[in-house]
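Written below as structure tokens is the structure these notes are about.
The values are calculated or read from the model by the stated rules, or taken from the named source; none is laboratory data. If you're wondering where the values come from, they're calculated on a predicted model, not measured in any experiment. Virtual Cβ from ideal backbone geometry, glycine too; neighbours counted across all protein chains shown. These accessible areas exclude ligands, DNA and RNA; they are computed on the full protein's heavy atoms, side chains included. Shrake-Rupley method; radii C 1.70, N 1.55, O 1.52, S 1.80 Å.
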Amino acid sequence: MFEMGRAPVYWKTMNGLPPSSGEMLKLFYNPAAKKLTPSEEFGIAFNGGFNQPIMCGGEPRAMLEKVRGKADAPLYSIQICVPKHAVNLIFSFTNGVDWDGPYRLQFQVPKAWRNKQIEFFNEGLAQELSQEGACERAIFPDTEVVSTRCAMIGNLSIEGGDRCNLDLVEGCMDPSSHLYNPLANVDDGTCPIDLDAED
């Protein structure tokens, strides 16, 4: 759903488990799902904070663009190093004019802290984030995107990697047409329509 542009947000943790306090995760955004046109200058930017929007909110941060070829709109990603006292991340995306959000990602907290009041987490988070450069270490641009699958056409997909080379060949895919291209794997609409077909 995400790669096909029907779901706007996808997250992926380094260990494959649900997002947890003190762990790393990547957030991916597909602006095509919300018809948010990327800025020509910086694409899409992320703005969010832990436990409440102002904790590491500040200025929107540019996300890494992942170009997927002509057939699919680009994806954007950012890395999050979840502070130990963070219980959630509240975030939005912008192209500099329009906004999409807010979204909320809930984190699993350590078992020993599960019955603590929210004040415990907010106070601990304030101490963690008061250190110089803490927000820059918690939310930072992605340096390498590894897609495990790449969208192709319809419900077909091929294995990805860090490049997602789809080798798309556009052309007429109707074998009965005189314009048929046997190498085509994406129908580009060049097959003539037979309007004289009998009912």
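Suppose a student asked you for the relative contact order of the stretch 57-99, using Cα pairs under 8 Å spaced at least 6 residues apart; what percent would you report?
26 percent
Considering the zone a paramagnetic label at Lys35 would reach in this model (a point 7 Å from Cα along the Cα-to-Cβ line), which residues of the stretch 83-97 have amide N under 17 Å from it?
Of the residues in the stretch 83-97, 95, 97 have backbone N under 17 Å from the label point off Lys35.
So what is the accessible area of the stretch 1-126 per residue, in Å², with the probe set to 1.4 Å?
Normalised by residue count, the accessible surface of the stretch 1-126 is 53 Å².
What ranking of Lys35, Lys84, Lys26 comes out by heavy-atom accessible area, probe 1.4 Å, highest first?
Ranking Lys35, Lys84, Lys26 by accessible area, largest first, yields Lys35, Lys84, Lys26.
Which lysines, if any, have their Cα less than 19 Å from the Cα of Lys26, not counting same-chain residues under 8 positions apart?
Within the straight-line limit of under 19 Å, Lys26 reaches these lysines: Lys12, Lys66, Lys84.
Give, in nm to one decimal, the length gained when the segment between Glu65 and Ile193 is fully stretched (0.36 nm per residue of separation minus the Cα-Cα distance).
Roughly 42.2 nm would be gained on extension.
Once fully extended, how much extra length lies between Ala126 and Ala7, figured as 0.36 nm per residue of separation less the alpha-carbon to alpha-carbon distance?
So the extension gain works out to 39.6 nm.
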